[in-house]
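Derivation of every value follows stated rules applied to the coordinates shown; laboratory data play no part. On a predicted model such as this, the values are computed, not experimentally measured, just so you know. In this analysis, Cβ positions are derived from the backbone assuming ideal geometry, glycine residues included, and neighbour counts consider all displayed protein chains.
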Amino acid sequence: MMDKVTTIMATGKYILVGLLMVFGMTVKAQEIKWMTWEQADAANAKQPRKIFVDLYTDWCGWCKKMDATSFKDPAVVKLMGEKFYAVKLNAEQKEAINWRGSSFEWVAGGRGGVHRLAYELVDGRLSYPTFVILDEEFRRIMISPGYKPGEELIKELQFASGNHYMNTTWEQYKAKL
């Protein structure tokens, strides 16, 4: 009798471990694959896609909320993975980014200084979080400041990924939804 109980318990442990491994893989599969600017540039050179840039700071509470909610939304994760290279860019990072013959560096000032690439992407209108969507040639499609719930972010991603921006403004597109 004791051997049967031991066998059942051992089998139960293996099943539990197996379920935890599958669950862990499922959770991991539902995350955005964040890249650096350089990684996105290299990936885009091989297979062009639109670029989604998340400008954030370490002290930004709304940025952390986006990470915990909107960027975990399965529909957001799916669309980002299929249509975009997703870049996390700390707007206060001190490491320089060398890109297309220019060096973008950190500049002291304000609360914590600013990275010049972040500043350039939003024409100096810094607030956090802010998202910048670029086309395959790194031309800006739109700047989107502020926290966005998943369903709102999806609309912006669809606007860009569906090339609607080529024929209409964001305001006109949004009004039709």
* Structure fact -> Between H115 and residues 5 or more places away or on another chain, the pairs with built amide H atoms under 5 Å apart involve E92, Q93, V107
* Each residue of the range 142-148 in turn: what ³J(HN,Hα) in whole Hz from Karplus with 6.51, -1.76, 1.60 and θ = phi - 60°, glycine and Pro shown as x? -> 7, 10, 10, x, x, 5, 10
* Between the range 110-177 and the range 47-61, the Cα center-to-center distance that results, in Å -> 10
* Asked: In what order do L55, L79 fall by count of nearby beta-carbon atoms within 10 Å, going from fewest to most?
  -> L79, L55
* Asked: To the nearest 0.05, what FRET efficiency results for K46 and T168 with a Förster distance of 35 Å applied to their C-beta separation?
  -> 0.70
* Extreme residue, positive dipole direction of the range 31-176, given options H115, Y128, N163 (C-beta unit charges) -> N163
* To do: Pull up all non-local amide H partners of W99: gap of 5 or more, or a different chain, and H-to-H distance under 5 Å with H placed in the peptide plane.
  => F104
* Structure fact -> Karplus ³J(HN,Hα) for the range 64-77 (6.51 cos²θ - 1.76 cosθ + 1.60, θ = phi - 60°; Hz, whole; x = Gly/Pro) runs 5, 5, 4, 4, 7, 10, 4, 6, 9, 4, x, 5, 5, 4
